[in-house]
Amino acid sequence: MLSPLDYFFGLFSLDIGIDLGTANTLVSVRGKGIVINEPSFVAIEKRSGEPLEVGARAKEMWSKNPKNVMIVRPLRDGVISDYDTTFKMLDYLIRKAHEQTWVPIPRPRVVVGIPSGVTEVEKRAVYTAALEAGARDVFLIEEPIAAAVGAGLPVLETRGSMIIDIGGGTTEVALFSLGGIVISRSIRVAGDEMDEDIVQYMRTKHNLLIGEPTAEKVKMEIGSAYPLPQERIMPIKGRNLITGLPAVVEVSSIEIREALSGSVNILIDTVKDALDDTPPELIADLMESGIWMAGGGSLLKGIAQRIQEEVNIKVRLAEDPLTCVARGASRILEDYNNLRRLLVGLHRGSTHH
Ligand code: ADP
Ligand code: MG
């Protein structure tokens, strides 16, 4: 509960949660919900090094392949490898969220979700980047915890709960109890890898060269992890590798399921592996409450059903799985006193006030 004083100041301050995803970056503002939802792409002019576009417009440029522009996906593998670009993105996002308020209010308090297992140096980088980008206070939270809070899981309770977050670059499986992560697994197999599976499949089975943006569309349209009630056919445009000419190939959802099966099996093995290490009492909890899924990859048709059959525990999608991390991150500031222990501490100067 907020004290009356907190509530009073809350009216005049901007609290935002940021999900720096490998595929999509979202900003959630307390009292308003999701205000920014953009692909994690930055277009940088090669000559000057200045950012030209951030988000959807940068992603559009990416599929056009312009010569004088470099397209950077700073978080592609779930690691903040590129401080400059990460800073530029945060700067853009925080300013944009701030600009959307029509009264002059103090600089925002910001909770940023970071992939679990990032190094101390990377945590510092995000912390500093957010401060320099104009945040008044910066807090960090591990993405699986933010996802679980956003999905409404009882992470503070003794009973165990589990979330599988399939993003673009990484899949994270995490088991929670008493506000902490008890077991976690993080792998580099997620949505991007599935796109590559489809590119590869079209090349080897149909001699058709397609790009990642096309592969992603195919995955979303007809991709699946479990037989569909009604299997489907989709025409796919590309370039024939033998003739070099444009070509269209009709592909079935059954074929695409086969193309994705390697990655899907790796995901399933990862969940099984996490369950293998889960203490028996917590397994009993999961059998009651089920396992929850979040992230864009959880929207792959039949993925929840497939995992459920493989592990013999009920698997369900969180509500609005793409926004769980951002919503969870901003939730922390709504109930700061209770939820602050979910935040990540930084060595050498703490983020906890
Ligand atoms: P991140 O947290 O890494 O930014 P997201 O949670 O935003 O990732 O999920 C992005 C991934 O989800 C992308 O690989 C995208 O292709 C995939 N995705 C989104 N919608 C669907 C869908 N309907 N079917 C399959 N995959 C999807
Ligand atoms: Mg994510």
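The values are calculated or read from the model by the stated rules, or taken from the named source; none is laboratory data. Quantities reported herein were computed from a predicted structural model and do not represent experimental measurements. As a convention, Cβ positions derive from the backbone with ideal geometry for all residues, glycine included, and neighbour counts pool all protein chains shown.
Would you call Ala318 under 14 Å from the mean Cα position of the chain (by Cα), within 23 Å of Ser263 (Cα to Cα) and within 16 Å of ligand 2 (Cβ to nearest atom)? Against the criterion (under 14 Å from the mean Cα position of the chain (by Cα), within 23 Å of Ser263 (Cα to Cα) and within 16 Å of ligand 2 (Cβ to nearest atom)), Ala318 qualifies.
If you go through the stretch 150-166 and keep only what is within 20 Å of Ala304 (Cβ to Cβ) and out of contact with any strand residue (DSSP E or B) (no Cβ under 8 Å at 6 or more places or on another chain), you end up with just Gly152.
On inspection, Gly10 does not qualify as surrounded by 17 or more Cβ atoms within 10 Å (Cβ to Cβ), within 14 Å of ligand 1 (Cβ to nearest atom) and modelled with pLDDT under 85. For the stretch 163-180, residues that are of a type outside the set (A, V, I, L, M) and under 13 Å from the mean Cα position of the chain (by Cα) total 7. Scanning the stretch 235-253 for residues that are surrounded by 15 or more Cβ atoms within 10 Å (Cβ to Cβ) and either closer than 30 Å to Ile166 by Cα or among the polar types (S, T, N, Q) (or both) yields a total of 6. Scanning the stretch 22-33 for residues that are within 14 Å of ligand 1 (Cβ to nearest atom) and modelled with pLDDT of 90 or more gives Ala23, Asn24, Thr25, Leu26, Val27, Ser28.
Residue-by-condition table, conditions (1) aliphatic (A, V, I, L, M); (2) within 16 Å of ligand 2 (Cβ to nearest atom); (3) in contact (Cβ under 8 Å) with a residue 40 or more places away in the chain:
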| site | (1), (2), (3) |
| --- | --- |
| Leu282 | yes, no, yes |
| Trp292 | no, yes, yes |
| Gly296 | no, yes, yes |
| Arg306 | no, no, yes |
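If you go through the stretch 125-153 and keep only what is farther than 23 Å from Gly33 by Cα and surrounded by fewer than 18 Cβ atoms within 10 Å (Cβ to Cβ), you end up with Thr128, Glu132. Could you please let me know if Thr278 is among the β-branched types (Val, Ile, Thr) and within 16 Å of ligand 2 (Cβ to nearest atom)? Answer is no for this residue. When restricted to residues that are over 30 Å from Arg109 (Cα atoms), in contact with a helix residue (DSSP H, G or I) (Cβ under 7 Å, 6 or more places away or on another chain) and modelled with pLDDT of 90 or more, the stretch 34-82 contains 1. Taking the stated definitions as given, is Ile166 out of contact with any Cys (no Cβ under 7 Å at 6 or more places or on another chain) and buried (at least 22 other Cβ atoms within 10 Å of the Cβ)? In short, yes.
Of all residues assigned to the stretch 132-150, at least one qualifies as being within 14 Å of ligand 2 (Cβ to nearest atom) and of a type in the set (D, E, K, R). The residue list Glu196, Glu250, Glu281 contains one member that is at pLDDT 95 or above, closer than 22 Å to Gly168 by Cβ and either assigned to a helix (DSSP H, G or I) or in contact with a strand residue (DSSP E or B) (Cβ under 6 Å, 6 or more places away or on another chain) (or both), which is Glu196. Looking across Ala326, Ala259, one residue alone is closer than 20 Å to Ile114 by Cβ, in contact (Cβ under 8 Å) with a residue 24 or more places away in the chain and either in a helix (DSSP H, G or I) or aromatic (Phe, Trp, Tyr) (or both). It is Ala326.
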